[in-house]
Amino acid sequence: MSDDNAGGNAAENASPAGEATRCGFVALIGAPNAGKSTLVNALVGTKVSIVSRKVQTTRALVRGIALEGESQVIFVDTPGIFRPKRRLDRAMVTSAWGGAGDADVVCLLIDARKGLDDESEAILGKLADIRQPKVLILNKVDLVQKEKLLHLAADINARQPFAETFMVSALSGSGVAGMRAKLAAMMPPGPWLYPEDQVSDAPLRMLAAEITREKLFERLHDELPYSSTVETEQWQEMKDGSVRIEQTIYVERESQRKIVLGRGGQTIKTIGSLARSEIAEVAETKVHLFLFVKVRENWSDDPARYREMGLEFPKG
């Protein structure tokens, strides 16, 4: 699969139109670390969104594509909704609510262990403005007593009626198949928008950058601040079918660059090895990955960086 055609051509590749086929968008919204990215990956059946215990890892809308019978469901993994403090935060929250407004069905994902915390309460209050059918998903239910789950579901539905309520574990997959079937049945009639073997609309070069960012956070969760990003600068297909990829990790201070490099370059070497292995699996070919670390002060105030991430640059 080459980077150039990874996005697909919706018009040319759509399945034959027919009354039996359905296609639509399902937006997953919720507080940071509710498990949206893990759930999208489980629903699609493969990795399309990066997962990290570091909050607010998902920055732009990530679309994963799943087939269920005659339905094609495009799941939209949105950034976690929280009280924004910085320009980047505002862009992410705006992106999340924009994804909800454009969807056919909106799913509110709640971490069942946390219940209705302040962030989830705020999201629930704003859901009244959303006209589309709304679905409640309680995640991580394998870690909570049944009585507490039933009480939580009843409490949330009393505040905001939902068309369906699902109890799942995104990590183990429990309840995911049944939920996917129900959501597929809620999709409007129409032709498929993507080829049946396509699992994401993200170009490979973007997904590759996200994979490296995931490995970066996994390795340096406590040491590296949130304000770092990865960009794929070069994607070159070689004569032997392999791919040469050059990526730059941008940080805001020299001290951060030294942390990413590690003593004797060992940290960046480990990150590169982990990322290369996973990118090769996604690209289905051998990958030569070259990582560079650069200091770019205040990159989070640069409109070009927002365009690279697929976000709208907030004014002011």
Please enumerate the residues belonging to region 249-294 that are in contact with a helix residue (DSSP H, G or I) (Cβ under 9 Å, 6 or more places away or on another chain) and β-branched (Val, Ile, Thr). 249, 251, 259, 260, 267, 268, 270, 271, 279, 282, 287, 293
Could you tell me which numbered condition residue 193 fails, if it satisfies all but one of (1) open to solvent by less than 50 Å² (accessible area, probe 1.4 Å); (2) in contact with a helix residue (DSSP H, G or I) (Cβ under 7 Å, 6 or more places away or on another chain)? (1)
Restricting region 236-279 to residues that are part of a strand (DSSP E or B) and not charged (D, E, K, R), the one surrounded by the most Cβ atoms within 10 Å (Cβ to Cβ) turns out to be 245
Anything in region 242-271 that is in contact (Cβ under 8 Å) with a residue 40 or more places away in the chain and within 17 Å of residue 213 (Cβ to Cβ)? List them, or say none. 245, 246, 247, 248, 249, 250, 251, 252, 260, 267, 270, 271
Being buried (at least 22 other Cβ atoms within 10 Å of the Cβ) and not in a loop (DSSP other than H, G, I, E, B) is the filter here; which residues of region 23-37 pass it? 23, 26, 27, 28, 29, 30, 36, 37
I'm told residue 232 meets every condition in (1) out of contact with any strand residue (DSSP E or B) (no Cβ under 6 Å at 6 or more places or on another chain); (2) free of Cβ contacts under 8 Å to residues at least 40 places away in the same chain except one. Can you identify the failing condition by its number? (1)
Determine the pairs where a residue that is closer than 20 Å to residue 259 by Cα and of a type in the set (A, V, I, L, M), located within region 281-301, has a partner that is exposed (fewer than 13 other Cβ atoms within 10 Å of the Cβ) and at pLDDT below 95 with Cβ atoms under 6 Å apart, the partner being 6 or more residues away or on another chain. 295/254
Among the residues in region 219-229, are any within 19 Å of residue 33 (Cα to Cα) and of a type in the set (A, V, I, L, M, F, W, C)? yes
Would you mind stating whether residue 154 is open to solvent by 50 Å² or more (accessible area, probe 1.4 Å), touching a Lys or Arg at 6+ places or on another chain (Cβ under 9 Å) and at pLDDT 95 or above? no
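The values are calculated or read from the model by the stated rules, or taken from the named source; none is laboratory data. Here the structure is a predicted model, which means the values were calculated and not measured. Here the Cβ is made from the backbone with ideal geometry for all residues, glycine too, and neighbour counts use every protein chain on show. Ligands, DNA and RNA are excluded from the accessible area calculation, which covers all protein heavy atoms including side chains. Shrake-Rupley method; radii C 1.70, N 1.55, O 1.52, S 1.80 Å.
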